[in-house]
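Below you'll find the structure, written out as structure tokens, and then a few comments.
The values are calculated or read from the model by the stated rules, or taken from the named source; none is laboratory data. Owing to the predicted nature of the structure, the values given are computational and were not obtained by experimental measurement. Please note: Cβ atoms are built from the backbone with ideal geometry, for glycine as well, and neighbour counts cover all protein chains shown. Accessible surface areas use protein heavy atoms only, side chains included; no ligands, DNA or RNA. Shrake-Rupley method; radii C 1.70, N 1.55, O 1.52, S 1.80 Å.
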Amino acid sequence: MKQTRGFRRHVLGALAAATLAAPIASAGCSPGWVSSNLVNGLRVFSVTADKPYAQPGEEVRFDMSFYDGYPDPEGDGPRPVQILWIGGCYNPPGDLYYGCFPQLLQTFQSLAESGGNLPPGLIGFGPTFTTTIPEDILSQRPAPDGGSKYGLQFVFFFACAGEIKPIELDPSGKAGFFPFGCFDSEGNRLAADSFVPGFAQIYTFEDGRTNQNPPVSGMTLNGEPIPEDFTEAPTVKACPSTVDERRDVGCFAGDPYENCTEYEIDLIVEPGIAEIDPGEMVDGKQIYEAVWVDWLVEAGDLTGGGISLISGVTEGYKNEHSTKWMPPSEPGLYQIWGVVRDTRGGSTFVQRYIRVE
């Protein structure tokens with residue numbers, strides 16, 4: 001508890017002194033942080049809100065799903081991961097995340113000057129974070145030219161496989177963002193495979209529309225459900241082809257998967273997984289939210305692709321949404337992850353183990 005209080009003071013001091021300017025170039029903060037299907041560093045799979053669309057005054061809880069593919073150099077398990085959340089940004093100019101920076105800077109400077117208590121939902125630590133939608137999030141905004149009036153809240157997060165510490169920013173604002181870096185126990189600044197910044201968005205609509213996270217019942221291997229308990233993980237045969245052989249290219253490279261068995265991985269979902277966008281039609285057809293799954297693996301290759309569409313905007317549910325997995329050459333117990341997302345901010349995280357012999 002004492003360590004957390006010290007970290008909180010560092011965070012408040014850094015934010016109060018920071019120039020949170022709008023960046024000229026991208027600051028590396030994006031709602032989509034899945035860039036590779038092989039998880040070999042720190043990866044934030046999803047930040048799931050229990051209410052992807054929420055109403056004024058409602059409490060919203062965020063849960064972060066993450067994994068670190070690097071072993072802890074000082075221990076036998078994974079590296080400890082430090083997580084920081086920053087809320088308190090509503091209806092920024094242009095609905096742009098960097099429009100939050102002046103708003104938050106004013107908030108933190110005011111807190112530093114007044115010595116006031118930290119309001120709930122502004123800063124949080126750990127894999128969960130809770131905030132409340134302001135009662136005036138809709139009344140703050142003018143009536144739109146068309147469509148339902150809405151409000152927008154941003155929540156920023158930082159995951160570090162080390163320690164989050166304040167840093168000095170370029171005073172020009174060209175790299176403007178939150179003044180934090182990720183450092184190891186010796187004070188060395190860690191790279192992007194150990195530090196993940198990002199943000200989540202929550203919409204509030206005047207017409208009261210809601211959005212649920214996509215319901216998922218489980219994961220299958222060749223059509224058979226995979227148990228959640230890792231001690232009951234199904235067993236598959238290793239593919240003797242090494243990582244280097246699989247990446248080899250050229251006329252004489254040969255087939256890296258010769259004499260290997262490929263396995264089908266799928267999620268258990270219902271045809272009605274996609275929700276309807278109220279009143280939206282195209283050529284007389286109802287519009288649905290798009291729903292897809294991002295596949296990620298601890299080892300091996302996704303030979304069937306890393307993204308599968310589950311439900312399209314106009315065509316709706318698709319019967320085929322599996323992928324193919326080629327196991328690694330090394331025996332062991334490996335994880336496979338599926339992150340189901342929809343175009344309205346919903347997400348559901350699924351994780352299973354498969355044993356390779």
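Any idea which of PRO127, PRO102 is at pLDDT below 90, surrounded by 13 or more Cβ atoms within 10 Å (Cβ to Cβ) and more than 24 Å from THR210 (Cα to Cα)?
Unique residue meeting the criteria: PRO102.
Which residues, counting only those in region 58-96, are of a type in the set (Ser, Thr, Tyr) and either within 24 Å of SER36 (Cα to Cα) or open to solvent by 70 Å² or more (accessible area, probe 1.4 Å) (or both)?
SER65, TYR67, TYR70
So that you can scan it fast, the table gives a plain yes or no per residue for (1) surrounded by fewer than 21 Cβ atoms within 10 Å (Cβ to Cβ); (2) more than 30 Å from PRO256 (Cα to Cα); (3) among the hydrophobic types (A, V, I, L, M, F, W, C):
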| position | (1), (2), (3) |
| --- | --- |
| SER311 | no, yes, no |
| LYS318 | yes, yes, no |
| LEU333 | yes, no, yes |
| ASP342 | no, yes, no |
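Does PRO52 meet the test of being in contact with a strand residue (DSSP E or B) (Cβ under 8 Å, 6 or more places away or on another chain) and closer than 16 Å to VAL340 by Cα?
When the stated conditions are applied, PRO52 passes them.
List the pairs whose first member sits in region 141-165 and is free of Cβ contacts under 8 Å to residues at least 12 places away in the same chain, whose second member is open to solvent by less than 60 Å² (accessible area, probe 1.4 Å) and assigned to a loop (DSSP other than H, G, I, E, B), and whose Cβ atoms are under 9 Å apart, counting only residues at least 6 apart or on separate chains?
Filtered contacts from region 141-165: PRO142/LYS149; ALA143/LYS149.
How many residues does region 204-246 hold that are farther than 24 Å from GLU330 by Cα and buried (at least 19 other Cβ atoms within 10 Å of the Cβ)?
The number of residues fulfilling the criteria is 5.
Conditions tested, residue by residue: (1) in contact with an Asp or Glu (Cβ under 8 Å, 6 or more places away or on another chain); (2) under 28 Å from TYR70 (Cα atoms).
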| residue | (1), (2) |
| --- | --- |
| ASP136 | no, no |
| GLN153 | no, no |
| PHE157 | no, yes |
| SER185 | yes, yes |
| GLY208 | no, no |
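Cβ contacts < 6 Å: first residue more than 13 Å from GLU59 (Cα to Cα) and in contact (Cβ under 8 Å) with a residue 12 or more places away in the chain, restricted to region 111-138; second residue open to solvent by 50 Å² or more (accessible area, probe 1.4 Å) and assigned to a loop (DSSP other than H, G, I, E, B), any location; separation 6+ or different chain. Result?
LEU138/GLU206
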